[in-house]
Structure formats: structure tokens, C-alpha cells
Amino acid sequence: MKHFLKETDFAAQELPDVFALARDFKAKRGQGTSTILAGQTWAMLFSKSSTRTRVSFEVGIHELGGNPLFLNRNDIQLGRGESIEDTARVLSRFVHGLIVRTYDHSDIVRLAAAASVPVVNALTDFLHPCQIYSDLFTAAERWAGPGGDLVGSLKGRKIAYLGDTSFNMANSWILGAGMVGMQVSLAGPAEYEPSAEIKAQLAAEKRPADFRFLTDPFEAVRGADIVYTDVWASMGQEEEAEERIALMRPYAATAKLFATAKPDALFMHCLPAHPGEEVEQAVLDNPRSIIFDQAENRLHMQKAIMATLAKHAKT
């Protein structure tokens, strides 16, 4: 059974087809409901709340002809002591796919190991692969142009990631950018350098650790094609918020810092944004900020991911 738990669960040679499918879904939206998931129900198991992730998956499943079934942790026995493995086995008898948004990445790995239907990682504390694929697609749209080579347009580009470089978004950029030949420059406090977990993942996959970690944000951003940031305290880190904000303030995406990147550089943020903390409002409002394109493209890319997994499940 093919799952999508991390960026590298699709081989590099599969990416052009997945990206092209997302572009096709986007171009043809509103021209009738697809039948790719006709007669199927896909369950959404969310331990973490969301706006973009929940809405984009629910709408996407519907637009592919399927039925979305939303379940938070308290809706099922998983929240009251049933094992992850038994939950996966039972749900696999009822539904055709599982979309999972949770904290511990090992939980989704265990779920997928026991499931007999495709499992999609809609975010863990380790990785956020749907976001990265959508973000890569969003940048590629700008650079490839209509009908151009989406994946090829990313090769050789540089992304500068600011802030907490030890958490899921930074980890996912390290994996995702490496697949398409992008350079990754990470800037954050020394206390939040890339984790041993992502280094172990790269070693397990025999991938080079092709990224730079810097404590100087201006050096990291210099010459970048994309400047990217995320909130400094994610769900589950609220008690550390004050300490994190104090440490990461030098890594805020200010207009001055953004000006260090290439003149045509794009600004990206996976949202929600906290103006005045990790990013200035002026940067969010910059004409080269494509944050809402990113949000929209979650729908199209996730449809492409689910459609590809559904096709594999039938073979």
C-alpha cells in the first residue's frame, strides 16, 4: 500500500506527473465533479485543529467525487485508549483513505503500517509534506509559466527559511527542496538548529545533508529566490512562546531583510501569520508575497496526491 507520510514517499521521477495533475485540477476546477473517488469515503483524523488543512481536504475529497468524514480525537476510541494499530485496522474496513493531522510522527507511521488503505500526512510535529508540495507547486507556477516545466523550474533556486529551523516546516523544506535540486539556507538561533531527527532521516534514505544552517539571517537571505517563515510557537508549544519570541526576534522577516534577497524574490508563509512577530505586515502586503496562492494551492495539490494514491491502491 502506498502512503504519503513524507516528501520522499513519491520518487523524484513521479513529481512531474503529480505537479501536472495539480495544475490540471486547478485549470479545470468548476467544470464538473470528478469521479476519481466516486463511491469512496476518506476519513480525516485530526488531533490538531486547522483552517486551511481541514477545508482544503474536505473540499478536495468532495471535488474528486468522494465523501469526507471528519473525526477529531474525541470522536473515536483512539482518544480513549484503543491502540493506533486497532484503529487503523478497523477504519480500513470502513473507509478508502485516511488523512491524519497529529503531533507525534511515530503515530502516523504506526497507523500506516497497520492500515490497508492509503494514509496521508496532513501534518505532524516532524513533517508537513502536503504544505511543501503545495509551496513548491506555487513557486513553480510563477517560474515555469503556462505549460512550462514545473519541477524543472525549481532546480538551482535558493530558499531561505527563517526562525525555528528544528521543526516540521524546516524539516520538510530540507527533504522537499532536495528532491527538486533547490538550495536550502536555514537561519535561526543556535538552540533551534536542524534536529538530529531530520539528519537521521537523510542518513536512512542515503540523501546528502544538502542545506546550510546559519545564525546570521542576512547571510542566509542574500541571493534567495524565496524567503520563507512560519509562526514561532506552534500548537503544543504555547508554554514556550515568550522564550521563543525573545530568541527568534532577530530572524523576523522584515522589509529590510527581505530586500537582501533577489529583486524578484517571493515571500512565502504557510499561515496563520502573526504580524509584528515572525513577519512585518509590510512584507505580507508586498506584491511579491504569494501567501494566499499557497493557501489556495493546498486544495489542488492535495487532490493530486489523493488521486495518485487512489490510482496506486487500485493496482
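Each value in this text was obtained by applying a stated rule to the coordinates, not by laboratory testing. Everything numeric here is computed off the predicted structure, so don't read it as measured data. Counting neighbours? That spans all protein chains shown, and the Cβs are built from the backbone with ideal geometry, glycine included.
Divided by 2.2 N^0.38 Å, where N counts the residues, the Cα radius of gyration of the chain comes to 0.97. For the range 214-276, dividing the convex hull volume of the Cα atoms by the residue count gives 90 Å³ per residue.
Relative protection proxy for 268-277, 158-167, from highest mean packing down: 158-167, 268-277 (other beta-carbon atoms within 10 angstrom).
Within straight-line reach of K158, meaning a Cα separation under 28 Å, sit the following lysines at least 8 residues removed in sequence or on another chain: K6, K26, K199, K206, K256, K262, K303. Relative to the Cα centre, the charge distribution of the chain, modelled as +1 at Lys and Arg Cβ and -1 at Asp and Glu Cβ, gives a dipole magnitude of about 1140 debye. Ordering L150, A253, A241 by the projection of their Cα atoms onto the charge dipole of the range 131-290, which places +1 on the Cβ of Lys and Arg and -1 on the Cβ of Asp and Glu, puts L150 at the extreme positive end.
Apply the a/c threshold of 1.5 to the C-alpha gyration tensor of the range 131-290 and tell me whether it is rounded, prolate or oblate. Oblate, because a/c is 1.5 or more while a/b does not exceed b/c. Net charge of the neighbourhood of A273, taken over other residues with C-beta under 13 Å away and scored Lys/Arg +1, Asp/Glu -1, is -4. By how many degrees, 0 to 90 and rounded to 10, does the Cα axis of helix 52-63 deviate from the longest principal axis of the chain? Helix 52-63 sits roughly 40 degrees off the main axis of the chain.
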